[in-house]
Amino acid sequence: MENLNLLHMLKKPKKTRKKKSIDPCPICREELHLGDKFTQRIGLLDDFNEIIGWICPHCDSEFNDDNHLVKIKGSTGESGEA
Ligand SMILES: [Zn+2]
């Protein structure tokens with residue numbers, strides 16, 4: 001009954017430390033949470049100091065204040081290039 005032996009060897013693999021991201025970037029999944037009141041997001045302000053969006057410091061993706069992706073690193077989001 002070799003199968004039984006095999007089953008025995010299928011012990012649970014080492015638990016990969018599952019670090020739960022509290023506030024992950026939707027693109028790169030890096031943690032953006034920094035503290036109770038802070039995030040690692042880079043805020044984007046308009047001329048009136050209104051927050052209009054933010055940039056992920058990890059992947060440079062740009063989002064508007066609805067957390068909608070505006071720009072992925074290296075791409076302008078504009079169509080035109082085939
Ligand atoms: Zn990111």
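Overview of results
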| item | result |
| --- | --- |
| Where GluC sites (Glu not before Pro) fall in DSSP loop in the range 17-77, at most 11 other Cβ within 10 Å | Glu50 |
| Summed residue charge, Cβ within 15 Å of Cys28's Cβ, Lys/Arg positive, Asp/Glu negative | 0 |
| Summed side-chain charge close to Gly43 - residues other than Gly43 whose Cβ falls under 12 Å, Lys, Arg +1, Asp, Glu -1 | -3 |
| Net charge, Trp54 excluded, C-beta distance under 9 Å - Lys, Arg +1, Asp, Glu -1 | -1 |
| Extension gain from Leu45 to Lys20, taking 0.36 nm per residue of separation minus the Cα-Cα distance | 6.0 nm |
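Any read-out appearing in this document is the output of simple, stated calculations on the displayed coordinates, not a laboratory observation. Worth saying up front: this structure is predicted, and the values here are computed from it rather than measured. Cβ atoms come from the backbone with ideal geometry, glycine included; neighbour counts cover every protein chain shown.
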